[in-house]
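The values are calculated or read from the model by the stated rules, or taken from the named source; none is laboratory data. Worth saying up front: this structure is predicted, and the values here are computed from it rather than measured. Cβ coordinates were reconstructed from backbone atoms using ideal geometry, including for glycine residues, and neighbour counts include every protein chain displayed. To get the accessible areas, we keep the full protein, side chains included, count just its heavy atoms, and leave off ligands, DNA and RNA. Shrake-Rupley method; radii C 1.70, N 1.55, O 1.52, S 1.80 Å.
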Amino acid sequence: MPSVNLTRSSAEPAGAISCSRPAPGRRPEFLLFSPPTIGEEEISEVVDTLRSGWITTGPKTQRFEAEFAARLGAPAALGLNSCTAGLHTALAALGIGPGDEVITSPLTFAATINVIEHVGAVPVLADVAPDTMNLRPEAVEAALTAKTRAIIAVHYAGHPADLDVLRDLAERAGATLVEDAAHALIAFYRGRAIGSGPNPVAFSFYATKNLTTGEGGMLTGDPAFLERCRVLSLHGMSRDAWRRYANGGSWRYDVVAAGFKYNMTDIQAAMGLAQLRKLERFQQRRREIAERYTAAFQELDGLETPTIRPDVAPAWHLYVVRLNPSALRIGRDQFIDELTARNIGTSVHFIPIYRHPFYRDRYDLHPGMFPVTDGSYRRMLSLPLHPGLSDRDVSDVIEAVRDVERLYRR
Ligand SMILES: Cc1ncc(COP(=O)(O)O)c(C=O)c1O
């Protein structure tokens, strides 16, 4: 299988960017796009694990799985070393492979699509809806074939996808609805937490995410299905080391599948336990900041603020604005440069999958096939949104965005 080095620059903090020229009203320090919010509680939990004599998958991972599942109301949870691992393991455990197709969104991080390649299936991209930038059910329906085995719904920016409609489409096609919830901790769709159902849902604890363990992930879903995933996530072994060595357990195990090395460590789980206790506070702060941004920007001609559908509560992982080209004399790239010059870090989520050379060339894809995704991509940028932002930081972002919009209005 051909391989490429895809950079993840669009997902990384923009801290390394230095401002090219000073701008009026520029804040003195560069505002990082998305640093992690880590306190003494995380440090103490990690130190406790380091001193405990057990640092890989063990009691803290078990506790983190149980507390995470309880927090969401999930039937069960499996700790892993990334969201990518969760998506890959879920597809493998579903038995998806060569000859199968998996439908998903082009407006996502490469991991969502790479895992489809990893199991040997074909990714089929469907365009997104103009309001939420989540999969558009009509486009998914048009992409269904007799080979469709799964639909991966990406909850873009933390706004839940149209789950009831997508689940109906999946059921009619005899396929499984898998959810990429990398951005959706914690979000609600029609009163139900994302991850509370029986289908496979993968969360990310990457450094920029709403809850971080440095690197890490969690898969939620049906307990029996997750037990199959647990075996696959650790070399296909019937029992993990904790169950073999703790409390005088036996050294014996069987390898029952050609599994992966995707297990979460207790060091990661220690961070996760401390972060989970703060999640409510983090989410409250994210909501407050998003509300301030929307109140400040919604009257500006040059910007389109995020749409929130009435039947959801988003996780506010990202605050994505789209520029209005008919109202501005500059495009997205120059808008970003102007914000950088004002010491405001930004990012773009995402470079659409069909624009990456590997997928473009392999499947002969071009932007004209995905007009809503591409139109949005060309005018989108993500503003800083994390619980560590002070009120002053938020005011600085608002001031800078307003200033650039005013300066370049047509
Ligand atoms: C939409 C989406 N899916 C999947 C991933 C992969 O998550 P992880 O880095 O935990 O594997 C990311 C991470 O940036 C993401 O944004």
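Report the Cα centroid-to-centroid distance between the stretch 78-128 and the stretch 308-367 in angstrom, as an integer.
For the stretch 78-128 versus the stretch 308-367, the Cα centre distance is 22 Å.
With no solvent and one equal point scatterer per Cα, compute the Debye intensity ratio I(q)/I(0) for the chain at 0.07, 0.08, 0.14 Å⁻¹ and report its log10, rounded to two decimals.
-0.33, -0.43, -1.28
Residue 277 to residue 366: FRET efficiency via 1/(1 + (r/R0)^6), r the Cβ-Cβ distance, R0 41 Å, to the nearest 0.05?
On the way: r = 47 Å, r/R0 = 1.15.
About 0.30, to the nearest 0.05.
Shape call for the stretch 46-96 from the C-alpha gyration tensor, a ≥ b ≥ c root eigenvalues: rounded (a/c under 1.5), prolate (a/b greater than b/c) or oblate? Walk me through the numbers on the way to the answer.
Details: a/c = 3.10, a/b = 1.64, b/c = 1.89.
Note, shape of the stretch 46-96 comes out oblate.
Note the full-extension length gain between residue 29 and residue 287 as 0.36 nm times their separation in residues minus their Cα-Cα distance, in nm to one decimal.
Details: separation 258, 0.36 × 258 = 92.88 nm, distance 2.42 nm.
90.5 nm is the gain from fully extending residue 29 to residue 287.
Can you run phi through the Karplus equation (6.51, -1.76, 1.60; θ = phi - 60°) for the stretch 51-62 and list ³J(HN,Hα) in whole Hz, with x for Gly and Pro?
So the Karplus estimates, Gly and Pro as x, are 7, 7, x, 9, 10, 8, 3, x, x, 6, 5, 4 Hz.
Residue by residue through the stretch 160-173, what is 3J(HN,Hα) from phi via Karplus (6.51 cos²θ - 1.76 cosθ + 1.60, θ = phi - 60°)? Round to whole Hz and write x for glycine and proline.
x, 6, 6, 5, 4, 5, 5, 5, 4, 4, 4, 4, 4, 8
Would you please give the FRET efficiency between residue 250 and residue 62, computed as 1/(1 + (r/R0)^6) with r the Cβ-Cβ distance and R0 = 22 Å, to the nearest 0.05? Write down the numbers at each step before the final one.
On the way: r = 19 Å, r/R0 = 0.85.
E(calc), rounded to 0.05, equals 0.70.
At a 1.4 Å probe, what is the % contribution of carbon and sulfur to the accessible area of the stretch 146-286?
Working: 2890 of 5370 Å².
About 54 percent, which is the carbon plus sulfur part of the accessible surface.
Non-local amide H neighbours of residue 187 (under 5 Å, H modeled in plane, Pro and chain starts lacking H): which ones?
Hits under the 5 Å cutoff: 194.
Tally Lys and Arg at +1 and Asp and Glu at -1 over the other residues with C-beta under 11 Å from the C-beta of residue 36: what net charge comes out? Don't jump to the answer; show the numbers that get you there.
On the way: positive: 209; negative: 42.
The answer is 0.
How big is the gap, in Å, between the Cα center of the stretch 236-303 and the Cα center of the stretch 368-410?
Taking the Cα centre of the stretch 368-410 as reference, the centre of the stretch 236-303 is 28 Å away.
Residues of the stretch 238-379: accessible area per residue at 1.4 Å, in Å²? Intermediate values should be presented prior to the final figure.
On the way: 6580 Å² over 142 residues.
Ligands and nucleic acids excluded, the figure is 46 Å² per residue.
Quick check on packing: order 64-74, 298-308, 205-215, 266-276 by the mean number of other C-beta atoms within 10 Å, highest mean leading. Intermediate results must be reported in sequence, preceding the final value.
Values: 64-74: 19.1, 298-308: 16.5, 205-215: 22.6, 266-276: 25.0.
Final packing ranking: 266-276, 205-215, 64-74, 298-308.
Roughly how much of residue 190 is accessible, in Å² to the nearest 10, using a 1.4 Å probe?
110
Give the shape of the stretch 261-410 as rounded, prolate or oblate, defined through the alpha-carbon gyration tensor: a ≥ b ≥ c are the square roots of its eigenvalues, a/c under 1.5 means rounded, and otherwise the shape is prolate if a/b is larger than b/c and oblate if not. Spell out each step's value before the answer.
Values: a/c = 1.95, a/b = 1.14, b/c = 1.71.
Oblate, since a/c reaches 1.5 and b/c is not below a/b.
With both bridge residues required to lie in the chain, what share of the DSSP beta bridges run antiparallel, to the nearest 5%?
60
Give me the three principal axis extents of the stretch 299-386 from the C-alpha atoms, as integers in angstrom, largest value leading.
40, 37, 27
Quick check: from the Cα gyration tensor, does the stretch 174-213 come out rounded (a/c under 1.5), prolate or oblate? Provide the component values of the computation, followed by the final result.
Working: a/c = 3.03, a/b = 1.56, b/c = 1.95.
Here the stretch 174-213 falls in the oblate category.
How much mean residue ellipticity at 222 nm does the chain get from its helices, if each DSSP H run of length 4 or more adds -39500 (n - 2.57) and you divide by all residues, to the nearest 500 deg cm²/dmol?
Values: 13 runs with 154 residues, N = 410.
Estimated from H runs of four or more residues: -11500 deg cm²/dmol.
Springs between alpha-carbon atoms under 10 Å, Gaussian network over the chain: tell me which of 281, 63, 51 tops the mean-square fluctuations.
51
Please quote Rg/Rh for the stretch 111-253 to two decimal places, taking the Kirkwood radius as Rh and restricting both calculations to Cα atoms. Write down the numbers at each step before the final one.
On the way: Rg = 17.2 Å, Rh = 16.8 Å.
When Rh is taken as the Kirkwood radius, the ratio is 1.03.
With a Förster radius of 35 Å, plug the Cβ-Cβ distance of residue 51 and residue 391 into 1/(1 + (r/R0)^6) and report the FRET value to the nearest 0.05.
The computed FRET efficiency comes out at 0.40.
Go through 317-328, 153-164 and give me the packing order, highest mean Cβ count within 10 Å leading. Can you show the working numbers first?
Values: 317-328: 19.2, 153-164: 24.8.
With the highest mean Cβ count within 10 Å placed first, the list reads 153-164, 317-328.
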